[in-house]
Amino acid sequence: MAKTAQHPVLVIMGVSGSGKSTVAGLLAGRLGWDLAEGDDLHPESNVAKMHAGLPLTDEDRWPWLESIADWIRAHTAAGTPGIVTCSALKKRYRDILRGEGVVFVFLEGSKDRISDRLASRHGHFMPPALLESQFEALEAPTEDENFISLCVSASPSEEAQEIIDRLSLVATDARP
């Protein structure tokens, strides 16, 4: 079970199509917390590369991860809770992001289920063809990381509520 600080920053993580943005948006609305969409912090060169169907290299990811880490550090230093989305596929990526008050929320699901979700998504720069490379890169969180894991089989609303319940967070907006 994850340790939860009084004012945590939640990193909603998982492969593309796992529901990070949807669940994070629901959480931020229910909790009244700041929200950062990790995809918005990518440099344009990364977005262009993914849009072209090319997987990012670690060299591509470092500046992006540092931008997310800066957002996290600013919130934890100020004691301001927040939620940020980030695939955070590898442990070494999460090592850049983790710190006191940071909880990773791993949205996991089968390749088939997530592939179906990606196929029905429109207007996103991450093409479904890159899903295989994401699953190949994925290193699930381990015991030394502060995380909870959630199967993406429920509705996003139910998943958001499960996160609130499991982390004993206090919702300011009780709507489903």
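A short reminder: the numbers here are calculations on the coordinates, not readings from a lab. All figures in this text were calculated on a predicted structure; none of them were measured in a lab. All Cβ positions, glycine included, derive from the backbone under ideal geometry; neighbour counts span all protein chains shown.
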Spatially proximal aspartates and glutamates relative to K111 (Cα-Cα < 19 Å; intrachain offsets below 8 disregarded): E132, E136, E139, E159
Cα-Cα P(r), the chain, percent of pairs per 10 Å interval: 10, 41, 37, 12, 0
Show that you can apply the helix-only estimate: for the chain, add -39,500 (n - 2.57) for every DSSP H stretch of four or more residues, divide by all residues, and state [θ] at 222 nm to the nearest 500. -13000 deg cm²/dmol
Relative to the longest principal Cα axis of the chain, at what angle does helix 156-166 sit, 0 to 90 degrees, rounded to 10? 50
How much length is gained if the chain between K111 and S157 is pulled fully straight, taking 0.36 nm per residue apart and subtracting their Cα-Cα distance, in nm to one decimal? 14.4 nm
Angle between the chain longest axis and helix 20-31 axis [Cα atoms, degrees, rounded to 10]: 20
Taking the simple approach of a point 7 Å from Cα along Cα-to-Cβ for both L138 and H7, what is their distance in nm? 3.4
Would you mind working out the magnitude of the charge dipole of the chain relative to its Cα centre, with +1 at each Lys and Arg C-beta and -1 at each Asp and Glu C-beta, to the nearest 20 Debye? 220
